[in-house]
1. Report the GluC sites (Glu not before Pro) located in the stretch 166-258 that are in a DSSP loop and have at most 16 other Cβ atoms inside 10 Å of their Cβ, or state none.
2. Return the Rg/Rh ratio of the stretch 248-390 with Cα-based radii and a Kirkwood Rh.
3. So what J values fall out for the stretch 128-135 if you push phi through Karplus, 6.51 cos²θ - 1.76 cosθ + 1.60 with θ = phi - 60°, rounded to Hz, Gly and Pro as x?
4. Suppose we keep just the alpha-carbon trace of the stretch 279-361; what are its Rg and Dmax in angstrom?
5. What do you get when you divide the Cα radius of gyration of the stretch 358-403 by 2.2 N^0.38 Å, with N the number of residues?
6. Over the alpha-carbon set of the stretch 146-237, divide Rg by the Kirkwood Rh and report the Rg/Rh ratio to two decimals.
7. Quick check: residue separation of VAL178 and SER160 times 0.36 nm, minus the Cα distance between them. What number comes out in nm?
8. When the Karplus curve 6.51 cos²θ - 1.76 cosθ + 1.60 is applied with θ = phi - 60°, which whole-Hz ³J(HN,Hα) does each residue of the stretch 250-262 get, with x for Gly and Pro?
Amino acid sequence: MTFAEYFTILQRRWRVWVAGLVLGLLAGAAAIATAETLYTATATSFVTVAEQVDDTGQGEIFQGSQFAVQRVKSYAPLVKSPDVLGPVISELGLDVTERELATLVSVSSAPETVLLDVSVEDPDPARAARTADAVSEQLGTVIEGLETTREGGPSNVRVSLARPAEVPVKPSSPRVLVDLLLGAVAGLALGLMGAVLRHHLDTRVKTQDGVRALTDMSPLGATLYERSAAKRPLVALDWRSSSAERYRTIRTALKFATVDRELRHFAVTSSAAGEGKTTVACNLAISWAQSGASVCLVEADLRRPGVSRFLGIDGSLGLSDVVVGESRLDDVLVPWNQALLTVLPAGSLPPDPAALLGSSAMATLVETLHGRFDVVIYDSPPLLSVTDGVVLGHQMDGVVLVMRAFSTRPEHVRSSIERLRNARVDLLGTVLTRERSRRGGEHDYRSELTRDRGELSPLPPDLATDRARAAASPPAQHPAPKTNGVSLTRVRIDAGGGCDR
């Protein structure tokens, strides 16, 4: 993967590595809060070798100094020996064992020097200084004893306390800044690894390339991810925005989805709930109406209808009431937004929507709407939840399958396509919703088309004028639909039948 791809992953998975950073800081803070406060005192000893005189009377000082430098390296491990720590504990009356004191004592020696630095950690700064001096003196005694010749003469090595330990003022542990920095670095590293690992293990559909690889067909288009989508889902009304241009792209692609016939009516569905099918259906209907076509948006989801709520209309009477013969079609059709498009709400919710949608009366209604409007768009229930979408797709030109970026799973898409294929329902194409494009990737022509900062017209200027004139004129009287001798009769609904889920 390239650096740009990793940067994109970190942008999309920022919650993961930020959580790791915060947890690392919290872990560092917890370690600081629970750690014991310790002070470190250091005493320095100087190692010398007794001067020897040869036959000429000249002292071999240089050889002695080199001998001392080499021997200092082997003296350091002696500081943790019982011969050093035992007498110190007895002398100072320390309430610790030799093993416990060994964990608090350390010794170091700078390269090419004869200095031994003995450091002692202790919660009491004064006791740390006394212990460091005592350990240094006892270490010198042990070293001189080891360097004594067999004949019992004086030791060739001398260890003297050059600099006694000073009582420390500031604690050496915990190191607040260092511990917080280490916790932050460790947490950030784990968070970055987790973000990359989660991205590679996440098989959900993310981009249009992923849709193409999954379905072996190019998607019709993708809608943009917008934070205000929950409050303002009808983005196609702002016809000069980038989001509206996305829907125009989908509309254009749909016009070429059927080669041998003109696309007149189709259903918009998804694999599962919450993937944006109703949003796509509403905005696609608006975009199609803005092109000058007469459009009817049908709320065919008779289980959880959402079109009426999105458009802000009364959906108590509608599709189901017409099919069962309780209402006339012209009485329940609702012109919306200055007659920009016509909406057929869901109406009363039946106990068995699949039977209602598969009835002969529903087929007659579909043909009636097909003959009256240029384009009819049906908002259909999810394919994997119920069979309504498949039943409805049989009666029209095909189905548009909606997927949501970072939500839809590949196995759900495969199951939906397989269900449509087995039912011999044409899949017109796919739409990816809430795609997260790179910053700067979309160009908004708003400032180039107009300098007006007021309310945007829901239609292009010419089309808005035409629609206003049409709304002001008396509505045209449509003849009763021809049904070849079959009237829209009441369909008997089995009240005991449950929903097919």
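1. Details: sites: GLU166, GLU226, GLU245; in loops: GLU166, GLU226.
The qualifying sites are GLU166, GLU226.
2. On the way: Rg = 14.1 Å, Rh = 15.2 Å.
Rg/Rh: 0.93.
3. Once rounded to whole Hz, the list reads 5, 5, 4, 5, 5, 5, 5, 5.
4. Just the Cα atoms of the stretch 279-361 yield Rg and Dmax of 12.6, 38 Å.
5. Details: Rg = 11.1 Å, N = 46, 2.2 N^0.38 = 9.4 Å.
Relative to the 2.2 N^0.38 Å estimate, the stretch 358-403 comes out at 1.17.
6. Dividing the radius of gyration by the Kirkwood radius yields 1.56.
7. Details: separation 18, 0.36 × 18 = 6.48 nm, distance 3.51 nm.
Gain on stretching VAL178 to SER160: 3.0 nm.
8. Result, ordered by residue: 5, 4, 5, 5, 5, 5, 9, 6, 10, 7, 8, 8, 7 Hz.
The values are calculated or read from the model by the stated rules, or taken from the named source; none is laboratory data. This structure is a prediction, so every number in the text was calculated from the model and none was measured. Neighbour counts are summed over all protein chains in view; Cβ atoms, including those assigned to glycine, are modelled from backbone coordinates with ideal geometry. In case anyone asks, the SASA skips ligands and DNA or RNA and just uses the protein heavy atoms, side chains included. Shrake-Rupley method; radii C 1.70, N 1.55, O 1.52, S 1.80 Å.
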